[in-house]
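A.B. asks: Got a structure here, written out as structure tokens. Questions coming.
The values are calculated or read from the model by the stated rules, or taken from the named source; none is laboratory data. From a predicted model like this one, the values you see are computed outputs, not experimental measurements. Quick reminder, even Gly has a Cβ in these numbers, built from the backbone with ideal geometry, and neighbours come from all protein chains shown.
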Amino acid sequence: MSTTPPDAVRATAAAQSPQSEDVKFHDPQPQKGSGISNGTSPLRRIAAALAGVLALFGLGTLAAVLFLSLQGRTVEPWLVAATFYALPLAFVLMAGLVIDSIRRRRRG
């Protein structure tokens, strides 16, 4: 074992390593306004927003159907139809976005 204190070892190792001012490191997250886009197309953003809105709408109509049913009141058919169509459509849109994202990552 060495009897040299750790600070002395660090100081000599730092003095021996070459420090260059022109070494540039890659920034994994570019700063805002750097001119580099993240590659998300407007169509994908619209599809993601539509899927989110449909999911929230579908959950809201599902809650309304359950609430009205538990009270013993009649539920309007359009409310049930909205629940039946909004949630699966949101799921299909989100699954499509995930599959497209996987496909883009494997290509690029």
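A.B. asks: Of the conditions (1) more than 21 Å from residue 105 (Cα to Cα); (2) modelled with pLDDT under 95, residue 44 satisfies every one except a single condition; which number is it?
C.D. replies: Here residue 44 meets the rest and fails (1).
A.B. asks: Find all pairs meeting these conditions: Cβ atoms under 8 angstrom apart; at least six residues apart or on different chains; first residue within the stretch 57-69 and over 13 Å from residue 84 (Cα atoms); second residue at pLDDT below 95 and surrounded by fewer than 12 Cβ atoms within 10 Å (Cβ to Cβ).
C.D. replies: Final answer for the pair search is 68/74.
A.B. asks: May I pose another question? Restricting attention to the stretch 37-82, and to residues there that are among the hydroxyl-bearing types (Ser, Thr, Tyr) and loosely packed, with under 12 Cβ neighbours inside 10 Å, which single residue is farthest from residue 103 (Cα to Cα)?
C.D. replies: Going through the qualifying residues, I end up with 74.
A.B. asks: Moving to a separate point now. Just the residues that are among the hydroxyl-bearing types (Ser, Thr, Tyr) and touching a helix residue (DSSP H, G or I) at 6+ places or on another chain (Cβ under 6 Å), please, taken from the stretch 75-108.
C.D. replies: Residue satisfying the conditions is 83 alone.
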